[in-house]
Amino acid sequence: MIVLGACERNSTPGGILSEDQMVKVLIDIQLTEGIVSALPIPYDSSQVLYSVLEKEVFSKHGVEDSVFTKSMLFYLEDAKKMDRIYGRVIDSLTVLETTPGKKEELF
């Protein structure tokens, strides 16, 4: 039973996105933020646009915004996990930025 309990503590609780899912969603969120921030539109308009695009990101990944928020709060409680997740996000964004044709595949 001790082994079982140890395994349960390391697993992701129900209603929380896995690390792999978080990485995928965060990649698209970072790309969306970059696109919106680069547009020559007023700040308030960019916030409205971002909200719409963020919903599309969640829809693309089959994730509700409340589940994403709950997952972010969960991972923020563990700095090592969050560092690992964002490390993967940064690595993926770097590959997208440096690989010709990769950006176009996303949209």
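The values are calculated or read from the model by the stated rules, or taken from the named source; none is laboratory data. This structure is a prediction, so every number in the text was calculated from the model and none was measured. Positions of Cβ are backbone-derived with ideal geometry, glycine not excepted, and every protein chain shown enters the neighbour counts.
Overview of values
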{"item": "Subset of the stretch 25-72 (residues that are of a type in the set (Val, Ile, Thr) and either more than 17 Å from residue 85 (Cα to Cα) or not in a helix (DSSP H, G or I) (or both))", "result": "32, 35, 36, 41, 48, 52, 57, 63"}
{"item": "Qualifying residue in the stretch 18-35 (condition: farther than 22 Å from residue 71 by Cβ and at pLDDT below 95)", "result": "yes"}
{"item": "Which numbered condition residue 91 misses (of (1) within 12 Å of the chain's Cα centre (by Cα); (2) part of a helix (DSSP H, G or I))", "result": "(1)"}
{"item": "Of all residues in the stretch 74-101 being farther than 17 Å from residue 33 by Cα and among the small types (Gly, Ala, Ser), the one that is surrounded by the fewest Cβ atoms within 10 Å (Cβ to Cβ)", "result": "101"}
{"item": "Residue ID - surrounded by the fewest Cβ atoms within 10 Å (Cβ to Cβ), chosen from residues in the stretch 8-19 that are assigned to a helix (DSSP H, G or I) and either under 13 Å from the mean Cα position of the chain (by Cα) or not charged (D, E, K, R) (or both)", "result": "10"}
{"item": "The stretch 57-80 - residue that is under 13 Å from the mean Cα position of the chain (by Cα) and either acidic (Asp, Glu) or at pLDDT below 95 (or both) and, of those, farthest from residue 14 (Cα to Cα)", "result": "65"}
{"item": "Check on residue 14, among the small types (Gly, Ala, Ser), modelled with pLDDT of 95 or more and on the phi < 0 side of the Ramachandran plot", "result": "no"}
{"item": "Which listed residue is surrounded by 12 or more Cβ atoms within 10 Å (Cβ to Cβ) and hydroxyl-bearing (Ser, Thr, Tyr), from 71, 59, 66, 45", "result": "71"}
{"item": "Residue among 22, 82 that alone is without any contact (Cβ under 8 Å) to a residue 40 or more places away in the chain and not in a loop (DSSP other than H, G, I, E, B)", "result": "82"}
